[in-house]
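Since the structure comes first, as structure tokens, the remarks are kept for the end.
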Amino acid sequence: MAANPGLAAGLGLLAEILEREKARGGDAVPVSPEAIETLRGIPAVMQERRRSLVAAAQAAAVSAAPVPERSAPAVEATTPPAPLPAETPAVSSVSAPAPSPVEGAAERTEEWRRAQLNAIFKSVKQAPAPRELGTLFDTVVFASGNPSAEIVFVGEAPGAEEEKQKKPFVGPAGQKLEQILKAMGLSREEVYISNIVKFRPKKGDGRFQGSSNRTPTQEEMASCLPFIRAEIEVLRPRVIVALGRTAAEGLLEKGGALAAFRNETHHFADIPVIVTYHPSYLLRQEAASAEEGRVAKRQVWEDMLRVMEIVGLPISEKQRRYFL
Ligand code: URA
């Protein structure tokens, strides 16, 4: 085994316990001095694990998508929407050789992008690193949307519904994301939607999991990071939106609270990253109370206005004053 499923499962459990405590309104958890010592030792172990996983995954995955330096602005936002296929034989170039590298922006055609993405998709299907963890289901949930999109949304990992449809963000969180896009004047076919982890995380051995989901671990994200990196290199969007703390931590490879992430400007491969709340968080806040839902929605909307400004999307007075 290239990884330590026990450690991953333990951390997953710890995160679940803390989230449950938080949901119950707790802001303090009693911890023994021994437990604190053990927790202090975890970052070093995780760091080492992450290094070896990234090295293994990089060796196996990204050779599929060689991308030259960007020499011109991103493709026009008006590029006709062309959804990427899910994991079906419709992906005609899955078995075709990857196209040769291109020199300039003019050659980064939609066809070239599509072929590159299909090559990455194929490399996910063959990648050993995420599978060796033994903590993820087998079905690949890749990405959907416009390969020429200027805005890329990145979530954490697919859930039960996404696994069933082999498409990211198609469950309740996906419906919330579509509402956000609509408020921005966009549809999901005009943007690119992906996840860091390309497989649904298992709870235990997954046998009795039903439709419940769990947050991916750092190890799981590290094992899949080369894929999202390669996707972003193919798209070269104007802005990346990290949906939620877990996605932000995975993408930016650093820990932190979501409020702190939101207050800073981040970059991934020189592309600005806006961190906002995960759509599931919005759903939870809305369920808690109308006011909490409104506060969370307003914060997400502020972040989306920044995204619209970055890509130069028109912002109407109504949109600008949405929550005022
Ligand atoms: N949550 C995510 O982060 N990704 C999905 O695809 C669905 C829910």
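The values are calculated or read from the model by the stated rules, or taken from the named source; none is laboratory data. This structure is a prediction, so every number in the text was calculated from the model and none was measured. Backbone-built Cβ (ideal geometry, glycine too); neighbour counts: all protein chains shown. These area figures cover heavy atoms from the full protein model, side chains too; ligands, DNA and RNA do not enter into them. Shrake-Rupley method; radii C 1.70, N 1.55, O 1.52, S 1.80 Å.
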Filter segment 244-271 down to residues that are in a strand (DSSP E or B) and open to solvent by 60 Å² or more (accessible area, probe 1.4 Å), then give me how many there are. 1
Take the residues in segment 272-287 that are within 15 Å of the chain's Cα centre (by Cα) and touching a residue at least 40 places away in the same chain (Cβ under 8 Å); name whichever of them is surrounded by the fewest Cβ atoms within 10 Å (Cβ to Cβ). 280
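Would you point out the residue of segment 121-150, among those that are of a type in the set (S, T, N, Q) and within 19 Å of residue 230 (Cβ to Cβ), that is nearest to the ligand (Cβ to nearest atom)? Even if it seems obvious, please write down each step before you answer.
Taking segment 121-150 as the starting set, the residues that turn out to be of a type in the set (S, T, N, Q) are 123, 126, 135, 139, 144, 146, 148.
Narrowing further to those that are within 19 Å of residue 230 (Cβ to Cβ): 123, 126, 144, 146, 148.
Numbers: 123: 20, 126: 21, 144: 9, 146: 17, 148: 21 Å.
Filtering segment 121-150 for residues that are of a type in the set (S, T, N, Q) and within 19 Å of residue 230 (Cβ to Cβ), the one nearest to the ligand (Cβ to nearest atom) comes out as 144.
So, residue 140, is that one in a loop (DSSP other than H, G, I, E, B), farther than 28 Å from residue 309 by Cα and assigned by TED's automatic domain parsing to the domain that holds residue 235 or not?
Numbers: in a loop (DSSP other than H, G, I, E, B): yes; farther than 28 Å from residue 309 by Cα: yes; assigned by TED's automatic domain parsing to the domain that holds residue 235: yes.
Judged against the criteria, residue 140 is a match.
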Can you tell me which residue in segment 177-203 is farthest from the ligand (Cβ to nearest atom), limited to those that are part of a helix (DSSP H, G or I) and crowded, with 20+ Cβ neighbours inside 10 Å? 180
For segment 151-161, state whether one or more residues are more than 13 Å from the chain's Cα centre (by Cα), open to solvent by 40 Å² or more (accessible area, probe 1.4 Å) and within 12 Å of the ligand (Cβ to nearest atom). yes
Residue list for segment 130-148, filter: open to solvent by less than 10 Å² (accessible area, probe 1.4 Å) and closer than 23 Å to residue 207 by Cβ: 130, 133, 140, 141
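In segment 313-324, which residue that is without any contact (Cβ under 8 Å) to a residue 60 or more places away in the chain and outside any helix (DSSP H, G or I) is farthest from residue 185 (Cα to Cα)?
Taking segment 313-324 and keeping what is without any contact (Cβ under 8 Å) to a residue 60 or more places away in the chain, we get 315-318, 320-321, 323-324.
Applying the additional criterion that residues be outside any helix (DSSP H, G or I) yields 315-316, 321, 323-324.
Working: 315: 9, 316: 10, 321: 15, 323: 16, 324: 19 Å.
Across segment 313-324, the extreme among qualifying residues is 324.
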Which listed residue, of 307, 275, 295, is within 16 Å of the ligand (Cβ to nearest atom) and among the aliphatic types (A, V, I, L, M): 275
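Got at least one residue in segment 210-219 being out of contact with any helix residue (DSSP H, G or I) (no Cβ under 7 Å at 6 or more places or on another chain) and either in a helix (DSSP H, G or I) or open to solvent by 40 Å² or more (accessible area, probe 1.4 Å) (or both)?
Checking segment 210-219: at least one residue is out of contact with any helix residue (DSSP H, G or I) (no Cβ under 7 Å at 6 or more places or on another chain) and either in a helix (DSSP H, G or I) or open to solvent by 40 Å² or more (accessible area, probe 1.4 Å) (or both).
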Of everything in segment 291-324, what is closer than 14 Å to residue 278 by Cα and of a type in the set (Phe, Trp, Tyr)? Give them in sequence order. 301
Go through (1) within 16 Å of the ligand (Cβ to nearest atom); (2) open to solvent by less than 10 Å² (accessible area, probe 1.4 Å) and name the single condition residue 170 misses. (2)
